[in-house]
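Input: a single structure, listed below in structure tokens.
Computed from the coordinates by the stated procedures, all read-outs in this text should not be read as laboratory data. In this text, all values refer to a predicted model and were calculated from it rather than measured experimentally. Note: ideal-geometry Cβ built from the backbone for every residue, glycine included; neighbour counts use all protein chains shown.
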Amino acid sequence: MKKLLVFLFSLFFLSSSSVFADDISDFQIEGISIGDSLLDYMTEDEILKEIEINKDRFLHLKEPYKYSQISLGGNYLTYDSISVLIKNNSTNQYITDKNEKYTILYVRGSIDYLEDFDSCLVKRDEIDKILSTKFPEAQRIENIFTPPTEPSGQSIVNSIYFEFESGAIISSLCADYEETFRVKKNWREGLNISIIPRKTNSWLVDFLR
């Protein structure tokens, strides 16, 4: 309960007028914003190791190696884990400016609800009410789907997205994965809150919707 109250307070505090104006740059997850340098949170060696670990995570997308997912270590006040996306640095194919190299282009905070999907949905719905109040002009989208990489069809993702005129998205979703698949992928299960700029969302769209 304490963790939820801290998170809900964070939503109120971070929903500033600049966010209302369709600028997600001031919206933070555990102090991490879109446009930050990942080098402020990890060493380059740690980043390159994460790129290698997650290199085949997006094989179902048209450009599977355009971005790399990086999991950040550490203990957080609100979330059990934090992950981000940066442009793939292993080949530099998509990097046109050295300033892009470690720029954070997506932030996700996760709270674990292992084998407790109903509790996850209850908390997600509470968050949805706050986001609906804070962003009344954003388009609210609900979607339930099975991840495209999940062969059994038994996994479920129940999602709500707030899409801004710019194409940026703030999402809140609950994921309940088939256990064999979850263990094989080493994926966490539960509540995810994400900040997604337009360009990153365009790349992820086949996965998220």
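In this structure, Val183 and Lys101 have a Cβ-Cβ separation that, at R0 = 41 Å, corresponds to a calculated FRET efficiency of about 0.75. Asp97 sits among other residues whose Cβ lies under 15 Å from its own Cβ, and their net charge, with Lys and Arg +1 and Asp and Glu -1, is +3. Checked against a 24 Å cut-off, the cross-linked pairs Lys66/Lys101; Lys87/Lys185; Lys49/Lys87; Lys134/Lys185 give Cα-Cα distances beyond that limit for Lys134/Lys185. Extension gain, Lys62 to Asn92, is 9.1 nm, computed as 0.36 nm per intervening residue step minus the present C-alpha separation.
Listed by chain and number, the lysines whose C-alpha is less than 16 Å from the C-alpha of Lys184, apart from same-chain residues fewer than 8 away, are Lys55. Across the chain, the mean sequence separation of Cα contacts (distance under 8 Å, 6 or more residues apart), normalised by length, yields a relative contact order of 19 percent. Let me check I've understood the local charge: for Lys129, count other residues with C-beta under 14 angstrom from its C-beta, Lys and Arg +1, Asp and Glu -1. What total comes out? That sum, taken over residues with Cβ under 14 Å, equals 0.
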